[in-house]
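Peer 1: Have a look at this one.
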Amino acid sequence: MALRGTNQEFGRPYNRRIVLETIRLSAPVSRADIAGKVGLTVQTVSNITRELELQGFIRGIRQRARGRGHPPTALAVNPEGGFAIGLHVTPIGVDAALINLAGDVIARRERGAPPADPKKAFALFGEMVRDIRAVRPKGRMLGIGMAMPGPIGVESMSFVGSTTLEGWQGIDFAPRLEAATGLPAFVGIDIAAAALGDQLYGAGRAYRDFYYLYFGVGLGGTMVHDGVVMRGARGNAGEIGHLPLVPGGELCPCGNRGCLERYLSLDALDRRLRRKNGRADLRTAIDRGSPVIDQWIGEAAPLLRAAVVTIENLFDPETIVIGGMMPESLLARLVAAAEPLLHSIAEHDRRTAPRLTLAREGKDGVLRGAAALAVSGVLSPRFGLLFAGDEERGERDPIMSPASKREVAA
Ligand SMILES: [Zn+2]
């Protein structure tokens, strides 16, 4: 992590964020270790942590003594010291969750497909957020993070086709969300949010380098390298679903033929169910069993096998974590059907992790990741600079405002 403090006069809100973010990501951690990590003196770090403790963001944890002497007090976040909202918007549903500073899901709300009219959709998001905030009426809300299908800003792929929010181009998402909810808003692609959530709280915690294969409505994925989600030059890396792996195959809304996502995705399964049964109910089909699902697994497994080899040979991950919106029982069947996997560089003699790892988080993974986007956003030094010099004038900085006062904002 490259967070470094500053000794400049304007640096107080800036340093406060760096210290809190370091505690959040490295807890339990001692003051001396924080000072070493961020390049501030132990005295400066102690002043800041005292302030953060008074504000209820962090708490001390007595550690077991190592050797002689007084055991050092380590610091960790106070889970109820702050909250963020994770919002996940897809063409088939809207999910919202209230997440605490430790990443626990406190409450969640679910709605069906969002209104096609963005104005109505944002009104719905505002309503869902007000409803879920009522679960912790005195809680300090840091912000809201929204995850949505990508890519963004790509002419042939953005906002076209049934795996995207069709027709939503040209919307300034973050300002609209901020206006609808009264909270600092951050927007990201669902693939990145899911990978971030998994890296912070899920199966990915055990790995430094892993690939997250994300079954949303479509199919995406991203490499987490050295603990950082790789997003590419424009933030759109990860559209593995648009690899044209089936020559001369089905036409994709992106304009190419044979894209992986046309076969290996919830959308693909849904289309097959509809073709057979008219109105499809995926949940019922899974629960009761369906020949369409069996057939789809037979068709999709070889493509998953091809995707796995492609990912392994390109990125050399420790493992590929497979998760997202697809029900876990279905993912487990698909993964089992993809065995035996094809040969790749993953078959090395030092292998300890399985080549494929199922994520256990289900839909919560992306919601926790979306909330983490907001927490990291508000705690980023860049956000802190907005408040530089404001300290004497008032309480604009959301991380220093008392929880009860901020409540009125909604
Ligand atoms: Zn495509």
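Peer 1: Which order do peptides 187-195, 146-154, 217-225 fall in by mean Cβ count within 10 Å, highest first?
Peer 2: Order by mean packing, descending: 187-195, 217-225, 146-154.
Peer 1: Here's a follow-up. Going highest first, how would you order 118-127, 134-143 by mean Cβ packing within 10 Å?
Peer 2: Highest mean packing first, the order is 134-143, 118-127.
Peer 1: Beyond a 30 Å Cα-Cα separation, which of these cross-linked pairs lie in this structure: Lys119/Lys363; Lys120/Lys363; Lys37/Lys138; Lys138/Lys363?
Peer 2: From the list (Lys119/Lys363; Lys120/Lys363; Lys37/Lys138; Lys138/Lys363), the Cα-Cα distance tops 30 Å for Lys37/Lys138.
Peer 1: Restricting attention to the alpha-carbon atoms of the stretch 205-360, what are Rg (one decimal) and Dmax (integer), both in Å?
Peer 2: When restricted to the Cα atoms of the stretch 205-360, Rg and Dmax are 15.7, 50 Å.
Peer 1: Now for a separate question. From Cα pairs below 8 angstrom and at least 6 apart in sequence, can you work out the relative contact order of the stretch 205-360, rounded to a whole percent?
Peer 2: About 24 percent, as a whole number.
Peer 1: When the accessible area of the chain is split by element with a 1.4 Å probe, what percent falls to carbon and sulfur?
Peer 2: Values: 9650 of 18760 Å².
Accessible surface attributable to carbon and sulfur in the chain totals 51 percent.
Peer 1: Give me the accessible area of Arg62, 1.4 Å probe, in Å² rounded to the nearest 10.
Peer 2: Approximately 150 Å² of Arg62 is accessible to the 1.4 Å probe.
Peer 1: Let me ask something else about it. Hey, what's the chain come to in accessible area per residue, 1.4 Å probe, Å²?
Peer 2: That works out to 46 Å² per residue.
Peer 1: Here's a follow-up. Measure nothing but the geometry: give the 0 to 90° angle between the long axis through the Cα atoms of 291-315 and the longest principal axis through the Cα atoms of the chain, rounded to 10°.
Peer 2: Taking Cα atoms only, the helix is inclined about 60 degrees.
Peer 1: Hey, what's the per residue convex hull volume over the C-alpha atoms of the stretch 118-274, in cubic angstrom? It would help to have the intermediate numbers written out before the result.
Peer 2: Working: hull volume 23.5 nm³, N = 157.
About 150 Å³ per residue, rounded to a whole number.
Peer 1: Let me ask you something else. Could you pull out every residue, at least 5 positions away or on a different chain, whose amide H is within less than 5 Å of the one on Thr319? Hs are placed 1.01 Å off N in the peptide plane, and Pro or chain starts have none.
Peer 2: It is Tyr211, by chain and number.
Peer 1: Determine which aspartates and glutamates satisfy two conditions relative to Lys276: a Cα distance under 18 Å, and not lying fewer than 8 residues away in the same chain.
Peer 2: Glu250, Asp267, Asp287, Asp294, Glu299
Peer 1: Let me ask something additional. Quick one: ranking Leu303, Leu20 by accessible area, 1.4 Å probe, largest first, what do you get? Numbers along the way, then the final one.
Peer 2: Details: Leu303 25, Leu20 5 Å².
Descending accessible area places them as Leu303, Leu20.
Peer 1: Would you work out the charge dipole size for the chain about its Cα centre, treating the Cβ of every Lys and Arg as +1 and the Cβ of every Asp and Glu as -1, and quote it to the nearest 20 debye?
Peer 2: I would put it at about 940 debye.
Peer 1: With label points built 7 Å along Cα→Cβ from the Cα atoms of Arg205 and Val135, find their separation and express it in nm.
Peer 2: Each label point is offset 7 Å from its Cα along the Cβ direction, giving 1.9 nm.
Peer 1: Once the dipole of the chain is set up with Lys and Arg at +1 and Asp and Glu at -1 on Cβ about the Cα centre, which of Thr41, Ala97, Ala332 lies farthest towards its positive end?
Peer 2: Ranked along the dipole, the leading option is Thr41.
The values are calculated or read from the model by the stated rules, or taken from the named source; none is laboratory data. This one's a predicted model, so the numbers in the text were calculated from it and none came from an experiment. FYI the Cβ positions are ideal-geometry reconstructions off the backbone, even for glycines, and counts take in every protein chain you see. Accessible surface is based on the protein model in full, side chains and every heavy atom, while ligands, DNA and RNA are left aside. Shrake-Rupley method; radii C 1.70, N 1.55, O 1.52, S 1.80 Å.
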